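S.K.: Right, I'll just put the structure down here and ask away after.
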Amino acid sequence: MPLHRPREIRLIGLCGVPLVQRGDDLAEIIERAVSNNGLRLEDGDAIVLAQKIVSKAEGRQVRLADVQPSARAIELAAATGKDPRLVELILSESEEVLRYRRDVLIVAHRLGFVMANAGVDQSNIADGDETALLLPVDPDASCRNLRAALRQRCDVDIAVVVNDSHGRAWRNGAVGVSVGVAGMPALLDLRGQPDLFGRKLKVTEVGMADELASAASMLMGQAGEGCPVVLCRGLLYVRADGRARDLVRPRHLDFFR
């Protein structure tokens, strides 16, 4: 006989989510998608949304024809081989250019994330050759507002995470990370907790929102899967006002920048 019951977390990719347009009510879309998949939201659930549908609903799509590249954008475009208008959008979303070479432009985003292209993307959007999509202005606020709307509509206390695909220093391959969170810790501090042998942990902090975002991204996919909303059930977490910025290493502790 096992000493403990197996622990289980369910990840459910919600089918039938429509293509999101500017001004769409994401809470209504999620409530309908949950119902159409034969489910109901429950206290303690977590909803993970692809960043693109949040950005689309918030009108963060920009026509490249409306962008006038600066001298700096033209210079970086020549070095990277990117469209100068796209580079201008990247610069407008960035605090600092960290590295660049052919086909690569790494920046510190205004939200603190170190990432390629400041999250400016042209995939999975209509007329993607002539438009680009930016990250939400404040993804944490987007999560808080959506969590409040779902609580009002469905009478549940849940967590909400917005995920995006990031590359990683030292490792190949993109993974899902959290760029917005509400209702759960983004960073779980385990320092002082005992291990199996009673030794107190000294440095362990867990990127809880990132782990959830990464797990959900396996169902969302990276191409034409069309599954931008994932329901997570069974995750144990304390209710907390987490922020995605909690996951950003402070510059004075970033030994590799």
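S.K.: How large are Rg and Dmax for the range 187-254 when only the alpha carbon atoms are used, in Å?
M.R.: Rg and Dmax of the range 187-254, Cα atoms, are 15.6, 48 Å.
S.K.: Grab the Cα-Cα distance for Arg101 and Ala79, subtract it from 0.36 nm times how many residues apart they are, and report the gain in nm with one decimal.
M.R.: Numbers: separation 22, 0.36 × 22 = 7.92 nm, distance 0.62 nm.
The span from Arg101 to Ala79 would gain 7.3 nm if fully extended.
S.K.: Quick check on the chain: helices-only [θ] at 222 nm, where DSSP H runs of length 4 and up contribute -39,500 (n - 2.57) each and the sum goes over total residues. Nearest 500, please.
M.R.: -8000 deg cm²/dmol
S.K.: Whole number please: convex hull volume per residue of the Cα set in the range 61-134, in Å³?
M.R.: Numbers: hull volume 5.8 nm³, N = 74.
Taking the convex hull of the Cα positions in the range 61-134, it is 79 Å³ per residue.
S.K.: Further, regarding this structure: Can you list residues whose amide H is under 5 Å from Val114's amide H, if they're 5+ apart or on another chain and H is modeled 1.01 Å from N?
M.R.: Distant-sequence amide H within range of Val114: His109.
S.K.: While we're on this one: Give me the one-decimal nm value for the distance between modelled label points at Arg7 and Arg171, 7 Å along each residue's Cα-to-Cβ direction.
M.R.: Taking the two extended label points, one gets 1.9 nm.
S.K.: Moving on. Please report, to two decimal places, log10 I(q)/I(0) for the chain at q = 0.08, 0.10, 0.13, 0.17 Å⁻¹ as given by the Debye formula with identical point scatterers on the Cα atoms and no solvent.
M.R.: Rounded to two decimals, the profile gives -0.35, -0.54, -0.87, -1.35.
S.K.: Can I ask one more? Is any residue of the range 231-256 close enough, with backbone N under 20 Å, to a label point placed 7 angstrom from the Cα of Val206 along the Cα-Cβ axis, and if so, which?
M.R.: Counting backbone N atoms under 20 Å from the label point, the list is 231-249.
S.K.: Suppose each label sits 7 Å from its Cα in the direction of the beta carbon; what would the Arg191-Asp157 distance come out to in nanometres?
M.R.: Inter-label distance under the simple model: 2.8 nm.
S.K.: What FRET efficiency comes out for Arg63 versus Asp24 if R0 is 22 angstrom and r is the Cβ-Cβ distance? Round to the nearest 0.05.
M.R.: Numbers: r = 19 Å, r/R0 = 0.88.
Plugging the Cβ-Cβ distance into 1/(1 + (r/R0)^6) gives 0.70.
S.K.: Let me ask something else. What does a probe at Arg40 reach in the range 129-152, counting residues whose amide N is under 18 Å from the point 7 Å along Cα→Cβ?
M.R.: Counting backbone N atoms under 18 Å from the label point, the list is 150-152.
S.K.: I would also like to ask the following. From the alpha carbon gyration tensor of the range 69-197, can you work out the equivalent ellipsoid semi-axes (sqrt of 5 times each eigenvalue) and give them in Å, largest to smallest?
M.R.: Semi-axes, largest first: 33, 21, 12 Å.
S.K.: Next question, about the same structure. Only loop residues by DSSP count here, and only those with at most 13 other Cβ atoms within 10 Å; note down the trypsin sites (Lys or Arg not before Pro) in the range 35-104 that meet that.
M.R.: Numbers: sites: Arg40, Lys52, Lys56, Arg60, Arg63, Arg72, Lys82, Arg85, Arg99, Arg101, Arg102; in loops: Arg40, Arg60, Lys82, Arg102.
Taking the range 35-104 and a limit of 13 other Cβ atoms within 10 Å, the loop trypsin sites (Lys or Arg not before Pro) found are Arg40, Arg102.
S.K.: Here is a further query. Using the Kirkwood radius over C-alpha pairs as Rh, can you work out the diffusion coefficient of the range 1-135 via Stokes-Einstein at 25 °C, viscosity 0.890 mPa s, in µm² per second?
M.R.: Details: Rh = 17.4 Å.
Translational diffusion coefficient: 141 µm²/s.
S.K.: Calculate the length of the line joining the C-alpha centroid of the range 198-257 to that of the range 76-141, in whole Å.
M.R.: The distance from the Cα centre of the range 198-257 to that of the range 76-141 comes to 22 Å.
No value in this document is a laboratory result; all are computed from the given coordinates. All of these numbers come straight from a predicted model, not from anything done at the bench. Here the Cβ is made from the backbone with ideal geometry for all residues, glycine too, and neighbour counts use every protein chain on show.
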